[in-house]
Structure formats: structure tokens, C-alpha cells
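Notes to accompany the following structure.
The values are calculated or read from the model by the stated rules, or taken from the named source; none is laboratory data. The structure displayed is predicted, hence computed values, not measured ones. Neighbour counts run over all protein chains shown; Cβ positions are idealised from the backbone, glycine included. The protein model used for the area step is the full one, side chains on, heavy atoms only, and it has no ligands, DNA or RNA in it. Shrake-Rupley method; radii C 1.70, N 1.55, O 1.52, S 1.80 Å.
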Amino acid sequence: MSASGDSQRLASAKDNQKSARLAVGGKDIDLPIYQGSIGPDVIDISHLYQETGCFTFDPGYTSTASCESKITYIDGEEGILLYRGYPIDQLAENGSFLETCYLLLYGELPAKSELEDFEQRVTMHTMVHEQMNRFFTGFRRDAHPMAIMVGVMGALSAFYHDSTDITDPMQREIAAIRMIAKLPTIAAMAYKYSIGQPFVYPRNDLDYASNFLHMCFAVPCDKYESDPVLAAAMDNIFILHADHEQNASTSTVRLAGSSGANPFACISAGIACLWGPAHGGANEAALRMLEEIGTVDRIPEYVKRAKDKDDPFRLMGFGHRVYKNYDPRAKIMQQNCHEVLEAVGADTDPALLVAIELERIALEDDYFVERKLYPNIDFYSGITLRALGFPTSMFTVLFALARTVGWIAQWREMIEDPDQRIGRPRQLYTGPKERPYVPVTERG
Ligand code: CMC
């Protein structure tokens with residue numbers, strides 16, 4: 001940390017007059033405590049190694065704040081999620097996804113003219129370089145769309161050389177707009193390629209979500225009009241997924257970016273991390289589970305399995321590292337789910353009936369109550385996305401599309417921090433001590 005960063009944070013610690021005393025190897029050291037605007041205080045251990053020769057040990061980072069941030073706040077105990085201070089339910093009810101993007105990127109809700117200007121800038125960048133079509137066709141026909149997303153996102157740096165210089169604020173801005181604008185086009189192309197249909201070009205007369213549905217579901221031989229109820233639900237789903245503090249993929253983006261890698265490469269790293277079943281892949285797993293359960297009478301059998309320590313089965317879409325209360329996004333998603341299913345005439349979908357009953361049973365069961373395991377956003381999102389017409393292989397792609405703005409906002413915040421340094425965690429080494437090399441002829 002530079003002297004200026006040190007002095008700023010130490011000044012704030014001094015204001016709060018709080019510090020923690022740690023005794024290590026017969027030596028007492030005082031560690032400053034910093035207070036955020038809300039949320040838990042943090043103990044600054046950045047000089048710990050210098051003063052004591054010890055590292056801290058926190059696998060999974062359950063007690064570690066990896067950075068200072070002004071973007072998103074979660075109170076897991078109370079079930080609160082704020083983007084730049086605004087509650088997620090208020091944004092989802094009243095706002096649009098592009099308005100949310102503006103808020104996350106620039107810190108304030110836009111005035112009407114600012115929003116119109118932002119929407120125009122995004123809309124003017126929705127097309128991708130025509131040569132990218134050929135890049136897509138290099139993938140095997142049966143490639144998972146997430147594999148395509150990781151590759152194509154990284155490849156953007158090979159197509160847009162004028163937005164890879166991270167030291168130039170204008171290039172950072174163009175990269176941000178390009179990614180937000182092009183992600184729906186790329187995601188729709190990945191989908192079209194996987195089902196063997198021609199790519200559909202973006203339409204600038206449509207809003208963000210309607211344009212995305214159009215690129216996914218229109219075909220050249222037919223007229224396509226996206227349903228406003230479904231487009232509104234899609235926009236809502238994008239808002240709910242836009243950012244989520246320092247989760248695994250966001251931390252991946254920050255770590256990749258800390259080396260000075262270009263923004264497209266960093267976001268590609270975030271997409272790769274998101275793909276895992278414990279993170280973005282859970283909505284796919286949750287829907288598969290609901291389908292496997294099939295009927296309400298089989299729920300007790302699965303609840304029993306979820307509680308059995310000898311059985312690896314877990315209730316997918318239940319539990320969260322941070323939320324020890326109802327995930328506020330899950331409540332909105334549940335409502336969204338009912339609206340979409342009603343709009344497409346699938347409100348008797350067996351998966352929905354199983355989900356409603358499973359949620360009721362689990363929330364009354366001591367095992368789940370004691371461990372504070374509540375439905376998370378993924379519990380209802382799979383059913384909703386399927387009703388919107390997407391196959392399960394596209395679920396995580398849609399999550400990546402929406403989360404891109406969060407990743408970019410977090411990446412920019414890090415790059416713009418004058419005290420930013422390369423991320424370099426340490427370890428508790430438990431491997432062999434130094435030993436001499438033995439030539440192969442002398443090994444027993
Ligand atoms: N079903 C049954 N038991 C569970 C579940 C579950 N879904 N989740 C946690 N537990 C139990 C776990 O076995 C442990 O019990 P015990 O204390 O007796 O050993 C206790 O609850 C604490 O769980 P943990 O694994 O220590 O919690 P974690 O913070 O490491 O894991 C989690 C969080 C989300 C990975 C986990 O709850 C899980 O695997 N859930 C299912 C997958 C899922 O829905 N993931 C989506 C997360 S939200 C989307 C996102 O942010 O990307």
C-alpha cells in the first residue's frame with residue numbers, strides 16, 4: 001500500500017479510535033480497525049508479516065475483505081442487497097437493466113437525458129465485427145455455449161485493439177460500453193450456433209431485453225415479435241444478476257485485472273469461474289433436481305437424502321455462503337417465475353409445483369432452519385428461464401451476460417484506485433522440506 005493510501009486509511013482508523021491488539025511470539029502489535037459506511041469493521045493486517053513474520057490463514061476467504069469497494073453491499077443475516085445504496089427490490093420493480101448498468105458504472109442513477117445518452121451509446125455498439133462469425137464456426141457444433149462465451153469474450157481483445165490500453169480512461173470507457181452492448185449479441189450467437197440456426201443481427205429499434213430475445217428466437221423465414229411481459233421478465237432477471245459484491249467470479253476478474261491484463265481477458269476469466277456448479281451453474285442443477293424429483297410425493301425422499309451426511313446430494317438452489325436469510329433476489333425471482341409461467345400458459349408446470357412444495361417443506365424442517373439454509377436466486381430462475389424458451393445449457397450464459405456490468409464496474413474501480421497493486425496471496429506450505437536431487441539411476 002502506498003504512503004498516501006496508508007495515511008488516508010490510518011486517518012480514518014484514528015477517527016474511529018479503534019484498534020485490535022494481537023500477541024504473537026511474545027510481541028504485542030496494534031492493528032488498525034477501519035469502519036465502512038455500513039457492515040462489519042475490518043482489521044488491517046497488511047503489515048502483519050513485516051511486523052511478526054506470520055501470514056493469516058483463511059481458505060475460502062470467509063473472514064477476509066479482499067478490497068475496499070463502493071459498489072454493492074450485502075447483509076447476509078438480514079437478507080439485504082444494495083447496488084450503490086439502492087435496494088435490489090426497488091431497482092427491480094421500478095428500474096431498467098441499462099439504468100442499473102449506469103448506476104453500477106458511474107455511482108448515481110442517471111437523469112433522463114443521461115439515461116437516453118447511455119442507451120444510445122450501448123445501442124450503437126451491439127453489432128460485432130463480421131469476422132467474428134467465422135470465429136464462432138471454428139467451434140464444434142456440440143460445444144457448450146459457456147465454452148464458446150469464454151473463448152469469444154477473450155477473443156474480443158483481438159478485434160478491438162483501441163480499447164485494450166487500461167491506462168487510458170477513454171479506452172476503459174469504450175471497452176465497458178462495448179462489452180455491455182455486445183454480450184447479448186455474442187450470447188445469442190452462441191445459442192444459435194448450438195442449435196444450427198443462422199445468426200440474427202441486433203435491432204436498434206428494440207430495447208436491450210427485447211433485442212436479446214429477438215436475436216435468440218427470431219428466424220429469417222418468420223416474423224418475430226417479443227412478448228412485452230417476457231421482455232420485462234428478462235430485463236428483471238438481468239437486474240437481479242448484475243452484481244453481487246466480491247463473489248468468486250468477481251474476485252477472479254479483480255485478480256486477473258490486478259496484473260494489468262486487458263479488460264476482455266479479465267471478463268473472460270470471470271465467465272470461466274462463473275461456469276462452476278457451486279456458482280453460476282447452480283440454476284441448471286436446481287432445475288435438473290426439480291425435474292428428477294418429478295412429483296410432490298417424492299419430495300420427502302429427497303429432503304431425507306439432502307440431510308444425510310453419507311449422501312453427497314444437496315438441495316440445489318438452497319443455501320448461500322453469505323445469505324443466512326432469504327436471498328432478496330429469490331423473492332423477486334419467485335414472483336417473476338409466476339408471471340412468466342402464467343404468460344406462457346405453464347403455471348401448472350410440475351417443476352413449479354415441486355419447487356413450491358419443496359420450499360415449504362424445507363423452510364419448516366429443523367435441519368434447514370438451524371443451518372439457516374434458504375432458497376437462493378437459482379431456486380426459481382431455472383424454471384423461469386426454461387419457460388422463457390431457453391435450454392439449460394444457456395442458463396449460465398444469461399447469468400454471465402447480466403453479471404458483465406458488475407465485473408466491469410468492479411474492475412474499473414480497482415484500476416482507478418491509485419493504491420492498486422497486483423493481487424498475490426500467500427500460503428501455508430505443508431509439502432516436503434528442501435531435499436537434494438537424486439539422479440534417476442540412483443532412485444530405489
Ligand atoms: N443442501 C443440504 N445441506 C446443505 C446445503 C444444501 N443445499 N447447503 C449447505 N448445507 C449444509 C452443509 O452440509 C453444512 O452442514 P454441516 O454444518 O452439518 O456440515 C452446512 O449446511 C453449511 O454448509 P457449507 O457447505 O459449509 O456452506 P458454504 O457457505 O460453504 O456453501 C453453498 C454455500 C452455496 C456452496 C452451499 O449452500 C451449496 O452447495 N448449495 C447448493 C448449490 C447452490 O444452490 N449454489 C448457488 C449459490 S447462489 C448463486 C451464486 O451466488 O453464485
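Quick look at the numbers
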{"read-out": "Among residues of region 252-264, those that are in contact (Cβ under 8 Å) with a residue 40 or more places away in the chain, of a type in the set (Ser, Thr, Tyr) and within 16 Å of the ligand (Cβ to nearest atom), counted", "value": "0"}
{"read-out": "Matching helices (runs of 4 or more DSSP H) fully within region 364-419 where at least 1 residues are of a type in the set (Lys, Arg), away from the ligand (no atom under 15 Å from the Cβ) and modelled with pLDDT of 95 or more", "value": "395-415"}
{"read-out": "Enumeration of residues in region 287-328 that are without any contact (Cβ under 8 Å) to a residue 40 or more places away in the chain, closer than 21 Å to ARG386 by Cα and either open to solvent by 50 Å² or more (accessible area, probe 1.4 Å) or away from the ligand (no atom under 12 Å from the Cβ) (or both)", "value": "GLU292"}
{"read-out": "Residue among GLU339, GLU359 that alone is among the acidic types (Asp, Glu), open to solvent by 80 Å² or more (accessible area, probe 1.4 Å) and either modelled with pLDDT of 90 or more or not in a helix (DSSP H, G or I) (or both)", "value": "GLU339"}
{"read-out": "Test: residue in region 151-168 that is of a type in the set (S, T, N, Q) and farther than 29 Å from SER259 by Cβ", "value": "no"}
{"read-out": "Filtered residue count, region 51-69, keeping only those that are among the charged types (D, E, K, R) and within 16 Å of the ligand (Cβ to nearest atom)", "value": "1"}
{"read-out": "The one condition in (1) in a loop (DSSP other than H, G, I, E, B); (2) more than 9 Å from the ligand (Cβ to nearest atom); (3) closer than 27 Å to ALA233 by Cβ that GLN334 fails to fulfil", "value": "(1)"}
{"read-out": "Options GLU93, GLU68, GLU116: the member that is open to solvent by 80 Å² or more (accessible area, probe 1.4 Å) and either assigned to a loop (DSSP other than H, G, I, E, B) or hydroxyl-bearing (Ser, Thr, Tyr) (or both)", "value": "GLU68"}
{"read-out": "Some residue of region 204-211 being free of Cβ contacts under 8 Å to residues at least 12 places away in the same chain, farther than 18 Å from MET146 by Cα, surrounded by fewer than 20 Cβ atoms within 10 Å (Cβ to Cβ) and more than 16 Å from the ligand (Cβ to nearest atom)", "value": "yes"}
{"read-out": "Selection from region 182-203 of residues that are buried (at least 22 other Cβ atoms within 10 Å of the Cβ) and of a type in the set (A, V, I, L, M, F, W, C)", "value": "LEU183, ILE186, ALA187, ALA188, MET189, ALA190"}
{"read-out": "Sole exception among (1) assigned to a loop (DSSP other than H, G, I, E, B); (2) touching a helix residue (DSSP H, G or I) at 6+ places or on another chain (Cβ under 7 Å) for GLU108, by number", "value": "(2)"}
{"read-out": "Any hit, region 126-139, residues being modelled with pLDDT of 95 or more and open to solvent by 30 Å² or more (accessible area, probe 1.4 Å)", "value": "yes"}
{"read-out": "ALA343 among the small types (Gly, Ala, Ser), within 24 Å of PHE238 (Cβ to Cβ), touching a residue at least 40 places away in the same chain (Cβ under 8 Å) and within 11 Å of the ligand (Cβ to nearest atom)", "value": "no"}
{"read-out": "Meets criteria (of a type in the set (Ser, Thr, Tyr) and under 23 Å from ILE71 (Cα atoms)) for THR430", "value": "no"}
{"read-out": "Residues of region 48-65 that turn out to be open to solvent by 70 Å² or more (accessible area, probe 1.4 Å) and either aromatic (Phe, Trp, Tyr) or over 22 Å from the mean Cα position of the chain (by Cα) (or both), as a count", "value": "7"}
{"read-out": "Condition check for SER249: open to solvent by less than 40 Å² (accessible area, probe 1.4 Å), closer than 20 Å to ASP327 by Cα and either within 16 Å of the chain's Cα centre (by Cα) or away from the ligand (no atom under 12 Å from the Cβ) (or both)", "value": "yes"}
